[in-house]
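Colleague: Submitted below is the structure of interest, expressed as structure tokens.
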Amino acid sequence: MGKEILINVEPQEIRLAVLENKVLEEFSVERIGQKTLVGNVIKGRVNSVVPAVKAAFVGLGLEKNGYLYLADIVGIGMDFDSIDKEEEVVRPPRGMQQHQSIDQLVKKGQEVLVQITKEPFGTKGARLTTHISLPGRYIVLLPYDRHLGISRRISDDKERARLKEILRGLEVPKEMGVIIRTAGIGQSKRELGRDLKYLLGIWRKIKFGAAKKQAPAQLHEEYDLVLRVARDYLTEDVEKLIIDNRDEYRKIQHFLSAVAPHLRPKVELYEGDIPLFDRKGIEKEVEKLFERKVPLRCGGYIVIEPTEGLVAIDVNSGKFTEKKSLEETAFAVNMEAAREVARQIRLRDLGGIIVIDFIDMMQAGKRRKVFEALTDSLKRDKAKTDVSPLSEICLVEMTRQRMRRSVESMSFRECPYCQGRGLIKSVSTVSIQALRKVKKYLKETKKKQVELLVNPEVTSRLFNEDRQAIESIERVFHAKIIIKADPLLHVEEIKLI
């Protein structure tokens, strides 16, 4: 078996799974009514400019203003490696002027054409850019960046040379740029030209809308998950794409008719009685996707702990003791863990700062091999990653870009009991706190009776181990303490009446 793409469509959500040799390698979810904003092009209005942080805040018609940094404005600090950090320059970018302050470029009340590059998250609005890019099947159109390039992931020299010749012959408007994507491998000038024509049509519609509509107005909406899969994932190396919804199946076929007719036979409609993910044997794996502990085949395991500031990943040898020495054991577990860590990062869409704590190894050569295994496995990740070398104490620090909400953030909420700690207070701790509250209450109110309502577990503790402490408080305050068990109360909850 090679590579398969599965799409499960439910009334509430759409799920994507990518299998390679029947192993789950990528997974994502899009909830109905919570479509991604990344890629949308909007005509916005500048609500404020803050030179101190080199940013403008732009009204988009959303709940929060988007933020536009100085470096994300056309002509300023233009980074021509911004499209997946993959391209190679074939034609140089047009000249740029240097500006020292953002308020020289944009003014309050000004209308601007922007594209969302990062979803709103928490209290932060969407990140914006004026470097608009429109991805197609085989190319990316850059309407404001006069730049031609080829994906660095296309490594074959003959293929790169062939694509360069095609690129020079494409009828790209002089003020625009194009980057050939990895899906462009083996494609003819005709196919690439068809993709360019399709994207130029989208750009014309955007420009027409920008001229006619008042800000804020959405001018272009990024494809939903189903069409993004057809555009970005359905490549020549995919054996088949299986989808279990007839309407979405027709939508994919219609899309492929316009951009890649030869791929239509790869798309299959699944209509079996057993759910698609169950039929392919991955439903249980998806359900275990966010468990803290991930077992390794060798008997070791990794522990993944997302925190507010970073993600900590710890590698442990567990039951694995087959090797003759501790060094060999550590190396064997670390090698398997390196590949599994990269897979879990992709599956869980872990972003921001990630720290991986491998098992200590003394030999520099073994540390180098583990690092190479990690970086090699990370190459298949579509998100941008930056990895620091393995340190002498076997720590790896890396960063990974996340543009959209992770599946975990959509699927889980913070525990209202432990507030995200993953722990709750022990019964003895709650008992001590309850008695402390009783003393404070009697001291402040001067009352001679108080009812203490707690969880039955805490009640048992108070009536037994802490009975003497209760009697002591009653003597000191000349008051009666009535303890009642309330099974509806959480173990940490304390009520005084």
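Colleague: Restricting to segment 168-184, name every residue that is open to solvent by less than 80 Å² (accessible area, probe 1.4 Å) and either over 18 Å from W203 (Cβ atoms) or within 27 Å of the chain's Cα centre (by Cα) (or both).
Modeller: G169, V178, I179, I180, R181, T182, A183, G184
Colleague: State yes or no: is I353 at pLDDT 90 or above, of a type in the set (A, V, I, L, M, F, W, C) and outside any helix (DSSP H, G or I)?
Modeller: yes
Colleague: I would also like to ask the following. Can you list residue pairs whose Cβ atoms sit under 8 Å apart, with the first residue in segment 100-116 being touching a residue at least 12 places away in the same chain (Cβ under 8 Å) and at positive phi and the second being of a type in the set (A, V, I, L, M) and open to solvent by less than 30 Å² (accessible area, probe 1.4 Å)? Count only pairs 6 or more apart in sequence or on different chains.
Modeller: Here the result reads G109/V46, each pair linking segment 100-116 to a residue that is of a type in the set (A, V, I, L, M) and open to solvent by less than 30 Å² (accessible area, probe 1.4 Å).
Colleague: If you don't mind, there's one more thing I want to ask. Hey, among D232, D237, which residue is open to solvent by 20 Å² or more (accessible area, probe 1.4 Å), in contact with a strand residue (DSSP E or B) (Cβ under 6 Å, 6 or more places away or on another chain), under 24 Å from G2 (Cα atoms) and acidic (D, E)?
Modeller: D237
Colleague: Any residue at all in segment 442-453 that's at positive phi and surrounded by fewer than 12 Cβ atoms within 10 Å (Cβ to Cβ)?
Modeller: yes
Colleague: Next question. Taking the options I252, I242, name whichever one is outside any helix (DSSP H, G or I), open to solvent by less than 60 Å² (accessible area, probe 1.4 Å) and closer than 17 Å to V9 by Cα.
Modeller: I242
Colleague: Hey, another quick one. Looking at segment 363-381, which of its residues are closer than 14 Å to R153 by Cα and over 19 Å from the mean Cα position of the chain (by Cα)?
Modeller: Within segment 363-381, D376 is the sole residue that qualifies.
Colleague: Related question: Looking for whichever is closer than 30 Å to R250 by Cβ, within 26 Å of the chain's Cα centre (by Cα), modelled with pLDDT under 90 and not acidic (D, E) here; the options are K85, K22. Which one fits?
Modeller: K22
Colleague: Would you pick out the residues in segment 365-383 that are open to solvent by 60 Å² or more (accessible area, probe 1.4 Å) and either assigned to a helix (DSSP H, G or I) or in contact with a strand residue (DSSP E or B) (Cβ under 7 Å, 6 or more places away or on another chain) (or both)?
Modeller: R368, K369, E372, D376
Colleague: Hey, among the residues in segment 316-367 that are acidic (D, E) and touching a residue at least 40 places away in the same chain (Cβ under 8 Å), which one's farthest from V18 (Cα to Cα)?
Modeller: D357
Colleague: Quick check on L347: is it open to solvent by less than 60 Å² (accessible area, probe 1.4 Å) and part of a helix (DSSP H, G or I)?
Modeller: Yes.
Colleague: Could you list, in sequence order, all residues of segment 418-470 that are part of a helix (DSSP H, G or I) and touching a Ser or Thr at 6+ places or on another chain (Cβ under 7 Å)?
Modeller: Listed by number, the residues that qualify are V458, R461, L462.
Each row is one residue, and each column tells you yes or no for (1) open to solvent by 20 Å² or more (accessible area, probe 1.4 Å); (2) touching a Pro at 6+ places or on another chain (Cβ under 7 Å); (3) part of a loop (DSSP other than H, G, I, E, B); (4) in contact (Cβ under 8 Å) with a residue 40 or more places away in the chain.
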{"position": "L256", "(1), (2), (3), (4)": "no, no, no, no"}
{"position": "P265", "(1), (2), (3), (4)": "yes, no, no, no"}
{"position": "E271", "(1), (2), (3), (4)": "yes, no, yes, no"}
{"position": "I274", "(1), (2), (3), (4)": "yes, no, yes, no"}
{"position": "D278", "(1), (2), (3), (4)": "yes, no, no, no"}
{"position": "E291", "(1), (2), (3), (4)": "yes, no, yes, no"}
{"position": "E305", "(1), (2), (3), (4)": "yes, no, no, no"}
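Colleague: Counting just the residues of segment 174-227 that are small (G, A, S) and part of a loop (DSSP other than H, G, I, E, B), which one comes out nearest to G44 (Cα to Cα)?
Modeller: Among them, the one singled out is A215.
The values are calculated or read from the model by the stated rules, or taken from the named source; none is laboratory data. In this text, all values refer to a predicted model and were calculated from it rather than measured experimentally. FYI the Cβ positions are ideal-geometry reconstructions off the backbone, even for glycines, and counts take in every protein chain you see. For the accessible areas, the whole protein counts, side chains as well, though only heavy atoms, and no ligand, DNA or RNA atoms are used. Shrake-Rupley method; radii C 1.70, N 1.55, O 1.52, S 1.80 Å.
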